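Enquirer: Below are the structure tokens for one structure; questions will follow.
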2 protein chains.
Amino acid sequence: MSFDTSQVTADLAARGLRLTRQRRAVLDAIAAAPSSLSALQVYDAARSRCPELGLTTVYRTLEVLTELGALRRVHGSDHCESFVPASAAHGHTVVCSACGRVTEFTACDMRGIADAAAQETGYCITDHFLQLGGLCAACRKAAS
Amino acid sequence: MSFDTSQVTADLAARGLRLTRQRRAVLDAIAAAPSSLSALQVYDAARSRCPELGLTTVYRTLEVLTELGALRRVHGSDHCESFVPASAAHGHTVVCSACGRVTEFTACDMRGIADAAAQETGYCITDHFLQLGGLCAACRKAAS
DNA sequence: TCTTTAGTGAAAGTGGTTTTCAGTTTCAGA
DNA sequence: TCTGAAACTGAAAACCACTTTCACTAAAGA
């Protein structure tokens with residue numbers, strides 16, 4: 001997975017922000033990772049591309065890019081705040097329980113479930129957070 | 001919401017554990033709360049029932065009870081680790097965006113979505129984490 | 001060039017969570 | 001009723017992810 005740099009640059013510019021070398025390193029590190037990365041893991045990975053990068057900048061960059069929609073937060077069972085590239089405007093993630101790989105999917109017709117939940121609880125459902133777990137194709141192959 | 005104490009006691013006993021006064025205080029505090037509580041909030045709430053309760057014990061108890069299935073972890077947008085009673089073996093939560101109230105619902109037929117995601121990603125889907133957001137009946141009434 | 005603002009990293013600070021440790025409580029068996 | 005083992009406890013210390021502060025640099029526009 002890689003980023004459409006010009007899109008990110010434009011999104012940043014629309015807010016008066018810039019795509020610096022450091023931000024680029026953070027984006028690249030996350031794009032190159034096979035699974036989701038925590039802030040500290042991003043720091044480690046991005047420093048091979050930009051050694052003078054500071055941890056402060058990583059945290060700031062992750063926040064900016066998430067707000068921009070270029071990244072998505074993933075809740076893991078071990079560490080509950082890690083990041084993956086967000087390619088679609090609205091998408092969800094599947095996490096492989098064996099290798100940790102994170103894949104995005106867009107098919108999420110929640111209407112049936114939201115309706116049922118609304119009826120059961122009396123709530124007016126407005127949003128949802130969904131994350132699936134399972135085995136990726138490679139791990140399934142390796143297991144059999 | 002209240003706990004079936006004998007059930008919790010039995011579940012603990014099955015592992016050679018006991019339902020102590022402190023653990024009881026933690027359970028009661030969570031059962032009495034209208035919304036999900038973080039560890040620190042549990043500590044505050046439970047100390048009114050058991051003043052000598054220590055924070056260490058709260059953390060330990062939350063872990064034990066979650067593992068036991070008596071509590072469920074909820075991921076919030078602000079603090080990503082808080083706890084609610086788990087009444088059903090498998091259930092999900094709806095969080096009110098206005099007042100923070102957490103309600104459980106059991107209607108979750110994920111087959112359609114899991115199938116679609118499997119087809120899109122090549123994963124074999126085995127589990128899911130779903131959390132809905134919206135307005136509870138009371139807040140909807142108050143808003144209109 | 002000059003000015004302004006975004007952006008940066010090191011260091012210090014913060015605060016939630018875990019670990020350690022020296023006890024206390026509980027329970028089964030003698 | 002004792003006794004020993006194991007569960008259980010809270011205070012204090014340690015840990016560590018994350019945030020704040022601050023002096024500075026880089027870049028864009030006038």
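What follows draws every value from the coordinates through simple rules; no lab data is involved. In this text the structure is predicted, and so the values were computed from the model without any measurement. So basically every Cβ, Gly included, is an ideal-geometry build from the backbone, and we count neighbours across all protein chains shown.
Enquirer: Just to be sure I understand: if I project the alpha-carbon convex hull of chain B onto a plane and average over all orientations, what area do I get in nm²?
Expert: Working: hull surface 43.8 nm².
Convex hull of Cα atoms, orientation-averaged projection: 10.9 nm².
Enquirer: Which distances, in nm and shortest first, link the B:Glu120 label point to the same label point in every other copy, taking 7 Å along Cα→Cβ?
Expert: Values, ascending and in nm: 2.2.
Enquirer: Also: What is the distance in Å between the Cα centres of region A:107-123 and region B:6-31?
Expert: Cα centres, region A:107-123 to region B:6-31: 33 Å.
Enquirer: Now for a different question. Can you give the calculated 222 nm mean residue ellipticity of the protein assembly as shown, where each DSSP H run of n ≥ 4 adds -39,500 (n - 2.57) and the sum is split over every residue, rounded to the nearest 500 deg cm²/dmol?
Expert: Helix-only estimate at 222 nm: -13000 deg cm²/dmol.
Enquirer: Let me check against my output: what whole-number percent is the relative contact order of region B:9-73, with C-alpha pairs under 8 Å and at least 6 apart?
Expert: RCO, region B:9-73: 30 percent.
Enquirer: Also, I was wondering about something else. For chain B, which span is the longest to avoid every loop-located (per DSSP) member of trypsin sites (Lys or Arg not before Pro) having at most 12 other Cβ atoms inside 10 Å? Please list the in-between numbers first.
Expert: Working: sites that count: B:Arg15, B:Arg18.
Longest gap between qualifying sites, sites excluded: B:19-144.
Enquirer: Inside 10 Å of the C-beta atoms of B:114-121, what's the mean count of C-beta atoms belonging to other chains?
Expert: Partner Cβ neighbours, averaged per residue: 6.
Enquirer: What distance in nm separates the simple spin-label points at A:Glu52 and A:Ala138, each placed 7 Å from Cα in the Cβ direction?
Expert: Output for this residue pair reads 3.5 nm.
Enquirer: What Kirkwood hydrodynamic radius do you get for region B:1-85 when you take the inverse of the mean 1/r over all pairs of distinct Cα atoms, in Å?
Expert: This gives a value of 12.7 Å.
Enquirer: Distances in nm, one decimal, shortest first, from B:Ala98 to the same residue in every other copy, taking the label point 7 angstrom along Cα→Cβ.
Expert: B:Ala98 label point versus its equivalents elsewhere: 4.8 nm.
Enquirer: Short version: ³J(HN,Hα) in whole Hz for each residue of region B:129-144, in order, from phi by Karplus 6.51 cos²θ - 1.76 cosθ + 1.60 (θ = phi - 60°), x for Gly and Pro, what are they?
Expert: Working through the residues one at a time gives 10, 10, 9, 9, x, x, 10, 6, 4, 5, 5, 5, 5, 5, 6, 8 Hz.
Enquirer: Copy-to-copy spacing for A:Gly16, label 7 Å out on the Cα-to-C-beta vector, in nm, shortest first?
Expert: In ascending order, 6.4 nm.
Enquirer: Please report, in debye to the nearest 20, how large the charge dipole of chain B is about its Cα centre when each Lys and Arg carries +1 at its beta carbon and each Asp and Glu carries -1 there.
Expert: 560 debye
Enquirer: I would also like to ask the following. What value in Å³ per residue do you get for the convex hull of the alpha-carbon atoms in the protein assembly as shown? Mind showing how you got there, number by number?
Expert: On the way: hull volume 50.8 nm³, N = 288.
Output value, Cα hull per residue: 176 Å³.
Enquirer: What number comes out for the charge environment of B:Val64, summing +1 per Lys or Arg and -1 per Asp or Glu over other residues with Cβ under 9 Å away?
Expert: Charge balance in the 9 Å sphere: +1.
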